[in-house]
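Novice: Below is a structure I'd like to ask you about.
The values are calculated or read from the model by the stated rules, or taken from the named source; none is laboratory data. Note that the coordinates shown come from a computational prediction; the quantities given were computed from them, not determined experimentally. Heads up, the Cβs are rebuilt from the backbone with ideal geometry, glycines too, and the neighbour counts pull from every protein chain shown. What goes into the accessible areas is simple: the full protein's heavy atoms, side chains included, and nothing from ligands, DNA or RNA. Shrake-Rupley method; radii C 1.70, N 1.55, O 1.52, S 1.80 Å.
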There are 4 protein chains.
Amino acid sequence: MTIRTLIWHEHRHEKKNKLVASLYPEGMHGALKKAFAGDKDFVVDHALLDDDAEHGLSEKRLAETDVLIWWGHAAHGDVKDEIVERVAKRVYEGMGLIVLHSGHYSKIFKRLMGTPCSLKWREAGEKELVWIINPNHPIAEGLPECIKIEHEEMYGEPFSIPEPLETVMISHFEGGEVFRSGVTYRRGAGNVFYFRPGHEAYPTYYNTDVLRVIKNATRWAYNPAKPWTGIHPAPNVPHDKAPYPLEVKGPRLHEDGQEGFR
Amino acid sequence: MTIRTLIWHEHRHEKKNKLVASLYPEGMHGALKKAFAGDKDFVVDHALLDDDAEHGLSEKRLAETDVLIWWGHAAHGDVKDEIVERVAKRVYEGMGLIVLHSGHYSKIFKRLMGTPCSLKWREAGEKELVWIINPNHPIAEGLPECIKIEHEEMYGEPFSIPEPLETVMISHFEGGEVFRSGVTYRRGAGNVFYFRPGHEAYPTYYNTDVLRVIKNATRWAYNPAKPWTGIHPAPNVPHDKAPYPLEVKGPRLHEDGQEGFR
Amino acid sequence: MTIRTLIWHEHRHEKKNKLVASLYPEGMHGALKKAFAGDKDFVVDHALLDDDAEHGLSEKRLAETDVLIWWGHAAHGDVKDEIVERVAKRVYEGMGLIVLHSGHYSKIFKRLMGTPCSLKWREAGEKELVWIINPNHPIAEGLPECIKIEHEEMYGEPFSIPEPLETVMISHFEGGEVFRSGVTYRRGAGNVFYFRPGHEAYPTYYNTDVLRVIKNATRWAYNPAKPWTGIHPAPNVPHDKAPYPLEVKGPRLHEDGQEGFR
Amino acid sequence: MTIRTLIWHEHRHEKKNKLVASLYPEGMHGALKKAFAGDKDFVVDHALLDDDAEHGLSEKRLAETDVLIWWGHAAHGDVKDEIVERVAKRVYEGMGLIVLHSGHYSKIFKRLMGTPCSLKWREAGEKELVWIINPNHPIAEGLPECIKIEHEEMYGEPFSIPEPLETVMISHFEGGEVFRSGVTYRRGAGNVFYFRPGHEAYPTYYNTDVLRVIKNATRWAYNPAKPWTGIHPAPNVPHDKAPYPLEVKGPRLHEDGQEGFR
């Protein structure tokens, strides 16, 4: 088993802001990559928004990706809608997706959730305690009961997402708010995990517990099944191919083998 | 309490197909309206795809709607994207939505589910048994253990929807397939119910049990709370307005009161 | 509609502890009753552990109860198992159940959850902020975004409950912990709500927001459907009474109309 | 990775009934064992109700079991309550549990679900089609879209279980009923799967697709995490050990380090 992992990164803050550039000299994707360092279960690469006309997310590349990790913020609007659809399609077929921090407002996350995914926020460098509430979940493997982050941006509830399949983590912020920081979903055959920490103004992606969550989640999201390519069409089942073959009764508007209206 | 109910109907089959026209001389919306006849808890109107440039779904009209019922099929693609977004926004704020039959492939249902919503199908006039699996759910009020429909189109699993909040009904088809025919979701403050029966070639919307489900679901979907208008923005909470007021620590990229990136 | 509400209270602390006696001179049940004062939708009574051999929960009384509210702590072990089974049976049939605070460890809550329902705790009079994360849920009606309680006992995650149907509230504690403070379940036809606040050493049940949650939850938990009395047996369906009548094929171990093994 | 799998079997029908004895000359456990034949990922053993005073489920044996498979029917009542509690405890700590067919009424399944787990049934040798509705779920690996079983006992909805975490399979019966035949839950750290087929009067456990489900489910249920032994107590967190150390405010009823009331 080798999990082909692709870290997609907006990579704009590092170019425009000295602070972010100095915090992440190899880019945030460079720091994220270290989550997998030395682990032979993963082959890791990255793709950047400005890589090419397809944001580094060609059909071919997505077809060769098992789990996609997504960090975006200031440039959500620059991601092309057709690429978002392409990513969604691969998720339905079985590609895992890990959405990080400000990615809550990415087109792909909102597309898959079907909700606004809004929240409250505050950038005050306050302390965050990420409590593991589902301690034997695969995403929690090897973690303490609580991940301590000295300086983080606050995200506060209500987080307008659908009721999660599982809530794995809840954050406590120094200023008084709480947030569901680790939540799972399935969309088609694709496992989706949202993980909150990772504001670009702080060194969060050097925290070994945070990196461990990301690696654990990537392993959890990996679906070894053959892609569910049949998820897209609405196939007609002819009456004489039914499990209990039928005589057609009453009127019909459709022809045998016709595609459903979309 | 009066539930302002709006039946949205594509209303194209009745104009093009003699069979559908003769089955539903007042339109399928006319038949659906009878679900509420004589019940003072509901005020019911309809809107049609070709009513006007906004498909009868102006901002004002949606603002005055508590629960929207949706039937569409051949013309899903003719519904404008901006109207779909407008309906989604009202659902998030608290408007209920009942999606019927072929509406599984409507833009609004796919938009809210975040999945393909595909399925298998067969038009053979076969018998459908809709089993109530959650018998004391409000949507099941007054129903028998099983709704019998002599002639229906078959819809078969896998139905590529997210795991429902509640599965209320499962159908058994004569030809051998099964289908989750009644499923609930919440999206923001809006209650969403998908209900399977209702192929335009059969007199399904004259079945009193089917109409009862639709009325029950409308009552269930009604959310009397004030609209959740705050669901759309991502408001900043200034550090001195936090529940535990904070001194700002470390660097900042954002200004006080700034909007989140979208 | 009148919701027949029964507040079940252990009522031992008030008798043994001067502090609790002075905080709740009419008993905690007396304070809880005021949640419903002046609201004609509710008829409210109470039952106490030591009322009689049945803890005030006779078959007749439960049959006449729509929603049961439960507060217990030091005397969980004194509640008779047969009474617990009786209450569970009524929940399955459709009686609502609101479990308060230390009731997380009551026999009835553990019985219905099927899990240990354990947690961490600390009695330090610290501040609790109960955040509403599902703001347009019926249980949140009329509440602020956050209920502030000056002095409360801390309950911390992991709270070993099944994944909730809906998570409505999450608490933030001054000392750093978080807790899922408002969670919903359905068991059979019965709606179940767990609500965290209410340590006997503090005046929590005089907080009007806390009382409002309890009233809202009682209204939400009320199931007007006829009791699901058929939930208990496993009825045999004879082959000639099947929706599609059958000839019996192959061998049989059971007789027509026999009860299932239990 | 080796998954220590234990098949627990009632093993009474084979002794009392010639038909069952001739169908399963090595016992149903013998047939079930073949699901794992030749697969080095599993080490498989069995335990029988009448093995010894502990039904073959000593503390030691359970401690050495990763996944327990359970088949019981006529003798549910002969399983000792203390053994049921012991099994539940191990499930909470992380042991997987696969409950088969008539095990829906076993003490352990009802204990973990918290509901009656009742259903309708008919023994007429009718055809069952088990549809996979979540086709890329690990439990569905390598299966066709529908498992066909020529002769089975019918189980019909409503199946009074809690809303599942995931519904993986739904059955269609010749006589007209439907049933949620494959459902998942988590209880503490333990993954639980209920799988419907397997009436003792038919050769169901020789069906290779049925055996494949059981093997897949065993792999899925395996939780490699260290046992969650801390799930049982309710530990006190002293005020000076809180993440944000506190001064105790207001009155207290408990001592530092005291156990919670149970």
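Novice: For chain B, what is the relative contact order in percent, using Cα pairs closer than 8 Å and at least 6 residues apart in sequence?
Specialist: 19
Novice: Taking the full set of protein chains and a 1.4 angstrom probe, give the accessible area of D:LYS60 in square angstrom, rounded to the nearest 10.
Specialist: 130
Novice: Region D:31-113: D in µm²/s via Stokes-Einstein (Kirkwood Rh, Cα pairs, 25 °C, 0.890 mPa s)? Mind dumping the intermediate values first?
Specialist: On the way: Rh = 13.3 Å.
In µm²/s, the coefficient is 184.
Novice: Sticking with this one: Using Cα positions and a limit of under 12 Å, work out the aspartates and glutamates in reach of C:LYS18, with same-chain residues fewer than 8 apart set aside.
Specialist: Counting by Cα, and skipping residues close in sequence, C:LYS18 has these aspartates and glutamates nearby: C:GLU200.
Novice: What are the label-to-label distances in nm, one decimal and shortest first, from B:LEU19 to the same spot in the other copies, with labels 7 Å along Cα to Cβ?
Specialist: Output for B:LEU19: 4.5, 6.7, 7.7 nm, nearest copy listed first.
Novice: When N counts the residues of the protein assembly as shown, how does its alpha-carbon radius of gyration compare numerically with 2.2 N^0.38 Å, as a ratio?
Specialist: 0.92
Novice: Next question. Could you list, in their original order, any pairs among A:LYS148/C:LYS148; A:LYS241/B:LYS127; A:LYS120/B:LYS241; C:LYS110/C:LYS215 whose Cα atoms are separated by more than 19 Å?
Specialist: In this structure, A:LYS148/C:LYS148; C:LYS110/C:LYS215 lie more than 19 Å apart at Cα.
Novice: Also, quick follow-up: Return one number: the angle in degrees, 0 to 90 and rounded to the nearest 10, between the long axis of the Cα atoms of helix B:81-93 and the longest principal axis of the Cα atoms of chain B.
Specialist: Between helix and principal axis, roughly 70 degrees.
Novice: Quick one: if you take sqrt(5λ) for each eigenvalue of the C-alpha gyration tensor of region C:72-163, what semi-axes come out, biggest first, whole angstrom? Kindly include the intermediate steps, with their values, before the conclusion.
Specialist: Values: eigenvalues 135, 71, 28 Å².
Those come to 26, 19, 12 Å.
Novice: At a temperature of 4 °C and a viscosity of 1.567 mPa s, determine how fast region A:3-69 diffuses translationally according to Stokes-Einstein, using the Kirkwood radius over alpha-carbon pairs as Rh; express D in µm²/s, rounded to the nearest whole number.
Specialist: Answer from the Stokes-Einstein relation: 103 µm²/s.
Novice: Test of understanding: express the Cα radius of gyration of region A:1-151 as a ratio to 2.2 N^0.38 Å, with N the residue count.
Specialist: In units of the globular-protein estimate, region A:1-151 measures up at 1.09.
Novice: I'd like the per residue volume of the convex hull spanned by the Cα atoms of region D:91-212, given in cubic angstrom.
Specialist: Expressed per residue, the convex hull around the Cα atoms of region D:91-212 is 99 Å³.
Novice: Can you tell me the order of A:96-103, A:148-155, B:208-215 when each peptide is scored by its average per-residue count of other Cβ atoms within 10 angstrom, highest first?
Specialist: A:96-103, A:148-155, B:208-215
Novice: Further, regarding this structure: Kirkwood Rh and Cα-based Rg: tell me the resulting Rg over Rh for region C:170-262, rounded to two decimals. Don't skip to the answer; put the middle values down first.
Specialist: Values: Rg = 23.7 Å, Rh = 18.4 Å.
In region C:170-262, Rg relative to Rh is 1.29.
Novice: Defining the label point at 7 Å along Cα→Cβ, can you sort the distances from C:GLU64 to the same site in each other copy, shortest first, in nm?
Specialist: Copy-to-copy label distances for C:GLU64: 4.8, 5.9, 7.6 nm.
Novice: Report the equivalent ellipsoid semi-axes for chain B in whole Å, largest first, defined as the square roots of five times the eigenvalues of the gyration tensor built from alpha carbon atoms.
Specialist: For chain B, the ellipsoid semi-axes come out as 37, 20, 18 Å.
Novice: Which chain D residue comes nearest the axis with its C-beta when you rotate D onto C, and by how many angstrom?
Specialist: D:GLY114, 2
Novice: Quote the total accessible area buried by chains C and D together, excluding ligands, DNA and RNA, probe 1.4 Å, nearest 100 Å². Walk me through the numbers on the way to the answer.
Specialist: Values: alone 13100 and 13120 Å², together 20650 Å².
So the total buried area for this chain pair works out to about 5600 Å².
Novice: Working from Cα positions, state the angle (0 to 90°, nearest 10) between the long axis of helix D:208-221 and the longest principal axis of chain D.
Specialist: 10
Novice: Quick one: work out Rg over Rh on the C-alpha atoms of region D:128-199, Rh as Kirkwood radius.
Specialist: 0.96
Novice: Still on this structure, I have one more. Suppose all protein chains stay in the model; what accessible area per residue would a 1.4 Å probe give for the protein assembly as shown, in Å²?
Specialist: For the protein assembly as shown, the solvent-accessible area averages 34 Å² per residue.
Novice: I've got another one for you. Of all the accessible heavy-atom surface of the protein assembly as shown, with the other protein chains kept in place and a 1.4 Å probe, what percent is carbon and sulfur?
Specialist: 51
Novice: Still on this structure, I have one more. Just name one of C:ASN236, C:ILE98, C:PRO116: the one whose Cα is farthest towards the positive end of the charge dipole of chain C (beta-carbon charges, Lys/Arg +1, Asp/Glu -1).
Specialist: Ranked along the dipole, the leading option is C:ASN236.
Novice: Solvent-accessible area of A:ARG186, probe 1.4 Å, all protein chains present, reported in Å² to the nearest ten, please.
Specialist: 50
Novice: Mind listing, in residue-number order, the residues in region C:189-237 that have at least 50 Å² less accessible area with every protein chain present than in their own chain alone (1.4 Å probe)?
Specialist: With the partner chains in place, region C:189-237 has these residues losing at least 50 Å²: C:TRP228, C:ALA234, C:VAL237.
Novice: I need the calculated FRET efficiency for the pair D:ARG252 and C:THR229, taking r as the beta carbon distance and R₀ as 56 Å, to the nearest 0.05.
Specialist: Calculated transfer efficiency: 0.75.
Novice: List the distances, in nm to one decimal, from the label point of D:VAL43 to the label points of the same position in every other copy, shortest first, placing each label point 7 Å from Cα along the Cα-to-Cβ direction.
Specialist: Shortest to longest, the spacings are 3.4, 6.4, 7.3 nm.
Novice: Next question. When the chain is fully extended, how far beyond the present Cα-Cα distance does A:GLU145 get from A:MET1, taking 0.36 nm per residue of separation?
Specialist: Roughly 48.9 nm would be gained on extension.
Novice: Enter the Cα centre distance for the pair region B:122-157 and region C:49-71, rounded to the nearest angstrom.
Specialist: 38
Novice: Which value, in debye to the nearest 20, describes the size of the charge dipole of the protein assembly as shown about its Cα centre when Lys and Arg Cβ atoms bear +1, Asp and Glu Cβ atoms bear -1, and nothing else is charged?
Specialist: Dipole magnitude for the protein assembly as shown comes out near 0 debye.
Novice: Another question about this same structure. Can you pull the accessible area of D:ARG4 for me, 1.4 Å probe, Å² to the nearest 10?
Specialist: Result for D:ARG4: roughly 100 Å² accessible.
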